[in-house]
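**Q** Just passing along the structure, written as C-alpha cells.
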Amino acid sequence: MSESESFIDEVTEEVRRDQLFAFMRRYGWIAILAVVLVVGWAGWTEWSKAQVEAAAQTRGDAILAALNANAPADRATALAPLAKGGDAGAIAALLEAANFHDAGDNEKAAATLDTVVADMTVSPIYRDLAALKAVMLRGDSMDPAARKAALQPLVTPGAPYRLLAQEQMALADLDAGDTAAALKGFQDIVQDAEVTRGLRDRAQGMIVALGGTPTADAAAAAAAAALAAGTAAASSN
C-alpha cells in the first residue's frame, strides 16, 4: 500500500506540473505583458514629471531674464511671449501688465489683464485678480455701471478679493453721483469681520470725506453721550 500510494502521489504531482506548464505556456504572456505595462507606465510617469519640471524651470528662468531688462516697456515686451497658457502664463501676464502700467500705458496693461480673465484654463484666483486690476487701471475712464458689472462676480461670499472689489464698487457709486450708495458700501466694509486694517482705514477716511460717521465712531460717540447724560443726571440728583 505504501509503494502504491507513493507512486500515485508522484504521478499526481507530475500531472499537476504538466498542467501548470501548459497553463503558463497558454496564459503566461498575459502576466509578462502586465509586468511590462506596469514598468512602462511607471517609466512614462516619471519622464512626464521630469518634462513638466523642466518646462517650469525653463519658463521661470525666462521670466527672471525678462525682468532683468532696464525699462518697464522692455520688460513687458520680453514677458509677452511667456504670458500664455494656464496659471504660469497668467503670472507672466500679470507681471507684463504691471510693467505696462509702470511704463504709463494703462490701456495695454488692462488689455493684457483682459486676456487672463478670458482664459478658462487659468485658475479662478488669477482670473479674479486680473479682473479687479483691470477695473482699477481703467478707473473713472470706465463707465461706472460697466465697472460695477465687471466687479459684481468678485463680491460674492467667499471670493478672495471680495472686500477690495466692494471698495471699487463704492468708488463707482461715488463717480456715478450716488453718494448714499457709496457711503453704505464703505460702511459695509468697515463693519466686515474680515476687513484688513489698511482697507478699514481707507474706508473710514472716505466716509469722513463724504460727510458721514464711521459706524465704529458712531457707536463710540453714542456711548460717550450716554455716559455724559448719566453723569449729568447723577450730578443733578
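Derivation of every value follows stated rules applied to the coordinates shown; laboratory data play no part. Quick caveat: nothing in here was measured; it's all calculated off a predicted structure. Don't worry about glycine lacking a Cβ; one is built from the backbone with ideal geometry, like all the others, and counts go over all protein chains shown.
**Q** Mind checking which lysines have their Cα closer than 25 Å to the Cα of Lys84? Skip sequence neighbours fewer than 8 apart in that chain.
**A** Filter leaves Lys49, Lys108, Lys133.
**Q** Something else: Taking 0.36 nm per residue of sequence separation and subtracting the Cα-Cα distance, how much length would be gained by fully extending the chain between Val208 and Ile30, in nm to one decimal?
**A** 56.1 nm
**Q** Would you mind estimating how fast the range 94-217 diffuses translationally, via Stokes-Einstein at 10 °C and 1.306 mPa s with the Kirkwood radius over Cα pairs, in µm²/s?
**A** 105 µm²/s
**Q** So how far apart, in nm, are the two label points at Ala145 and Asp61 if each is 7 Å from Cα heading toward Cβ?
**A** It is 5.3 nm.
**Q** Computed FRET efficiency, Cβ-Cβ of Ala193 and Thr121, R0 30 Å: what is it to the nearest 0.05?
**A** Efficiency for this residue pair is about 0.30.
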